[in-house]
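The values are calculated or read from the model by the stated rules, or taken from the named source; none is laboratory data. Quantities reported herein were computed from a predicted structural model and do not represent experimental measurements. All Cβ positions, even for glycine, are placed from backbone atoms using ideal geometry, and neighbour counts span all protein chains on display. Quick note on the areas: whole protein, heavy atoms, side chains included, nothing else; ligands and nucleic acids left out. Shrake-Rupley method; radii C 1.70, N 1.55, O 1.52, S 1.80 Å.
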Amino acid sequence: MATITLPGLIDVHVHLRDPGATHKEDFETGTRAALKGGFTRVIDMPNNSEPTTSIRALKKKKRLVAGKALIPVGFHFGTNGKNTSSFLAAAADEQVFGLKLYCNHTTGEMLIEDLGLLEKVFEAWETDKPILVHAEGVQLAAVISLAQLYGRRLHVCHITQAIEVELVARAKGKGIGVTAGVCPHHLFMSGEWREKLGPYALMKPPLGTKKDMQALRKGLTSGVIDIVETDHAPHTKKEKASKVPPYGVPGLDTALPLMYRAVDEGWFEEKGIRTVLHDRPRELFRIPKQIKTRVVLETGSFKIGDDGYETKCGWSPFDGWDVPVRVKSVMLEGKTLLTEGKIVGRK
Ligand code: DOR
Ligand code: ZN
């Protein structure tokens with residue numbers, strides 16, 4: 001059977017839930033899901049129940065990662081607009097790759113809607129490390145302006161709407177330091193999947209229209225959108241089945257095979273997979289190279305979920321989808337961590 005070799009992939013946008021919600025995921029199960037999906041480095045988001053908005057919370061996460069993670073885990077520092085005095089120390093930490101800013105409502109308590117506070121954040125984050133934003137529609141226009149005014153690098157997370165692709169294209173055209181990421185669920189599903197899957201297709205930002213989905217595919221192919229990020233956001237089946245289901249879907253186990261499905265469907269070029277899941281994430285977040293690291297895929301006919309999931313939540317909105325590859329082995333810095341699809345080691 002033919003095989004494909006790739007470098008170790010990088011997911012710059014995951015919610016591994018540790019500490020605080022380890023019934024959904026923890027640094028061990030989350031990094032197992034990453035390995036199964038061909039990722040050898042992930043960067044964890046700060047919206048834990050104890051948010052990563054202080055150096056103390058950051059240190060706690062670093063301690064937990066050291067004892068549990070199978071692959072290197074970096075962090076994005078969080079902000080509620082009131083912790084700017086810790087920015088200098090956070091930005092100097094080599095395990096911190098960016099600052100995450102929430103401009104729209106989602107899981108967690110870090111929403112900033114006040115323009116004055118937003119401006120303070122852009123002023124105080126005096127580093128070349130990017131500010132990552134959850135900013136939909138008009139909020140996106142506002143943060144692009146702030147990034148330009150303060151000369152900060154801005155990364156637009158999980159871009160979803162056609163108009164947002166247009167805003168990013170225009171900003172790039174004007175030489176503003178803006179980049180963007182898109183999630184597999186927004187590339188493969190539009191709003192009608194909410195009816196099919198109910199709470200299992202509920203996430204923020206929500207699934208868009210078919211037109212949005214086409215604009216995202218085109219944006220990714222043309223390079224207006226720089227990277228694929230999973231926004232791996234596991235919640236238990238019980239939580240999803242509850243009266244008020246939480247937002248988010250897992251994505252680490254499934255992103256890579258889905259991108260090969262995109263190649264089969266004819267809207268994405270195979271050589272772009274390495275670009276959007278390794279080369280560009282590395283460049284954007286100045287991520288160190290991992291030597292003697294590679295991911296080997298076997299090609300064939302596979303179904304998502306057929307060999308189970310490593311994510312603790314144990315489900316995927318793509319369950320049962322046909323994909324043309326499966327991760328066969330992963331070597332990280334000379335050590336085999338996964339072979340014949342089974343996890344056999346840790347870094
Ligand atoms: O759907 C989402 N879930 N979107 C987010 O921005 C946060 C995430 C989560 O943490 O559950
Ligand atoms: Zn997220």
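For this structure, a couple of remarks:
- Qualifying residue in the range 130-145 (condition: outside any loop (DSSP other than H, G, I, E, B) and over 13 Å from Cys103 (Cα atoms)): yes
- Annotation note: Cβ proximity below 6 Å between a residue of the range 233-261 that is over 13 Å from Ala201 (Cβ atoms) and open to solvent by 10 Å² or more (accessible area, probe 1.4 Å) and a residue that is of a type in the set (Lys, Arg) and modelled with pLDDT of 95 or more (sequence gap 6+ or interchain) occurs for Thr236/Lys24; Asp253/Lys36.
- Meets criteria (open to solvent by 10 Å² or more (accessible area, probe 1.4 Å) and under 21 Å from Asp231 (Cβ atoms)) for Val182: no
- First in the range 204-225 and open to solvent by 40 Å² or more (accessible area, probe 1.4 Å), second anywhere and within 16 Å of ligand 2 (Cβ to nearest atom), Cβ under 8 Å, 6 or more apart: Lys204/Asn104; Lys204/His105; Lys204/Thr106; Lys204/Thr107; Lys204/His134; Lys204/Tyr247; Lys204/Gly248; Pro206/Thr160
- Residue match in the range 311-325 (condition: in contact with a Leu (Cβ under 7 Å, 6 or more places away or on another chain) and assigned to a strand (DSSP E or B)): yes
- Residues satisfying the stated conditions in the range 110-125, i.e. within 24 Å of the chain's Cα centre (by Cα) and surrounded by 13 or more Cβ atoms within 10 Å (Cβ to Cβ): Met110, Leu111, Ile112, Leu118, Val121, Phe122, Trp125
- Scanning the range 146-174 for residues that are assigned to a helix (DSSP H, G or I) and of a type outside the set (Asp, Glu) yields a count of 15.
- Per the listing Lys62, Lys100, Lys82, Lys68, the residue uniquely within 15 Å of ligand 1 (Cβ to nearest atom) and among the basic types (Lys, Arg) is Lys100.
- The single condition among (1) touching a Leu at 6+ places or on another chain (Cβ under 6 Å); (2) over 20 Å from Val14 (Cα atoms); (3) surrounded by 18 or more Cβ atoms within 10 Å (Cβ to Cβ) that Ala171 does not satisfy is (1).
- The set of residues in the range 297-310 that are in a strand (DSSP E or B), in contact with a Gly (Cβ under 9 Å, 6 or more places away or on another chain) and over 23 Å from Trp193 (Cβ atoms) comprises Leu297, Glu298.
- When we screen Asp306, Asp264, Asp279, Asp253 for residues that are in contact with an Asp or Glu (Cβ under 7 Å, 6 or more places away or on another chain) and of a type outside the set (A, V, I, L, M), the only hit is Asp253.
- Any hit, the range 4-25, residues being more than 19 Å from Met259 (Cβ to Cβ), buried (at least 24 other Cβ atoms within 10 Å of the Cβ), touching a residue at least 24 places away in the same chain (Cβ under 8 Å) and away from ligand 1 (no atom under 16 Å from the Cβ): no
- Any chance Lys60 is open to solvent by 30 Å² or more (accessible area, probe 1.4 Å) and more than 30 Å from Gly300 (Cα to Cα): yes
- Exactly one residue out of Ala91, Ala147, Ala141, Ala135 is at pLDDT below 95 and more than 15 Å from ligand 2 (Cβ to nearest atom): that is Ala141.
- Selected residue [free of Cβ contacts under 8 Å to residues at least 12 places away in the same chain and over 18 Å from Leu258 (Cβ atoms)] from Lys312, Lys342: Lys342
- Count - residues of the range 86-109 that are touching a residue at least 60 places away in the same chain (Cβ under 8 Å) and open to solvent by less than 10 Å² (accessible area, probe 1.4 Å): 1
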